[in-house]
1. Tell me whether the range 87-101 contains one or more residues that are in a strand (DSSP E or B), modelled with pLDDT under 95 and farther than 21 Å from LEU188 by Cβ.
2. Does VAL206 qualify as being out of contact with any Ser or Thr (no Cβ under 6 Å at 6 or more places or on another chain), buried (at least 17 other Cβ atoms within 10 Å of the Cβ) and modelled with pLDDT under 90?
3. Out of all the residues in the range 150-174, which are touching a residue at least 60 places away in the same chain (Cβ under 8 Å) and not in a loop (DSSP other than H, G, I, E, B)?
4. So in the range 204-225, with the set limited to residues that are assigned to a strand (DSSP E or B) and closer than 24 Å to LYS148 by Cα, which one is farthest from the chain's Cα centre (by Cα)?
5. Based on what the data block shows, is LYS114 over 22 Å from GLN207 (Cα atoms) and in contact (Cβ under 8 Å) with a residue 40 or more places away in the chain?
6. Do we have VAL186 as of a type in the set (Val, Ile, Thr) and out of contact with any helix residue (DSSP H, G or I) (no Cβ under 9 Å at 6 or more places or on another chain) here?
7. Let me confirm something: among GLY178, GLY164, which residue is closer than 18 Å to LEU115 by Cα and either assigned by TED's automatic domain parsing to the domain that holds GLU116 or basic (Lys, Arg) (or both)?
8. Step by step: first the residues of the range 185-203, then only those that are closer than 19 Å to GLY145 by Cβ and free of Cβ contacts under 8 Å to residues at least 40 places away in the same chain, then the one that is surrounded by the fewest Cβ atoms within 10 Å (Cβ to Cβ). Which residue is that?
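The values are calculated or read from the model by the stated rules, or taken from the named source; none is laboratory data. What you see is a predicted model, and the numbers here were worked out from it, not measured in a lab. No Cβ is skipped: glycine too gets one built from the backbone with ideal geometry, and neighbour counts run over all protein chains shown.
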Amino acid sequence: MATTNSVGNTAFDYSALNKKAETNTSAMAGQQETFLKLLVKQLQSQDPMNPMDNAQMTSQIAQINTVTGIEKLNVAMTNLLGAYGASQSIQAAALVGKQVMAPQSEFDFDPAKKLEAGITVPEDVSQMALVILDKDGKVVDQMSGTVKPGEFLPFEWDGTLADGTKAEAGKYYIVAKGLNSAGDEVKLAVNGWQQVKSVEFGKSGVQVNLASGEKVGFDTIQQVM
């Protein structure tokens, strides 16, 4: 099992990030200095009767400026991504102990209250069908209709069946599918309220450990209670 970090023990090494930026900056400065030395040497060694073409010199200077600009952009993006990652980790740590709407397919139904869920609808899906199955895989309820592409669709089920009776308490499964713009059937993510037990910070990003034992990505969290 991966090691989890508590909020108090989480530390972000900004100094390492700064050292990396300083190294890249020094490398860029070294490249510029080397280029200028070579250019000066080339000018000193040129044939006075056949001097270097101005367009050629301008082209070489433009090339080093382009390389330098790209290097600076890379450093800026590295710093930005590092800051974003640190911010995301802090936000994820604040979820510990809270209820979140996260990917889930199995639900415990209590006839005394409604079952709450949510469907993540992709940008290119406008038609959806949803079925509710009991623990034996039997369809106990279903519905379909038009949805707004890209929306998060809240869903409640009170357990009322087609014959008017109430579903029994127990485990139920929700499966949702939609049709995309190409007419292909796609599976839609079903979400339910779950408690966050801990979070993990690793190379693959921030992972959220739920009370159900499931582990989901921080970016899949839809709502926080």
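1. Yes: one or more hits.
2. So VAL206 does not fit the description; no.
3. Result: PHE152, GLY170, LYS171, TYR172, TYR173, ILE174.
4. Among them, the one singled out is VAL224.
5. When the stated conditions are applied, LYS114 passes them.
6. For VAL186, the condition - of a type in the set (Val, Ile, Thr) and out of contact with any helix residue (DSSP H, G or I) (no Cβ under 9 Å at 6 or more places or on another chain) - is met.
7. Result of the check over GLY178, GLY164: GLY164.
8. The extreme case among them is LYS187.
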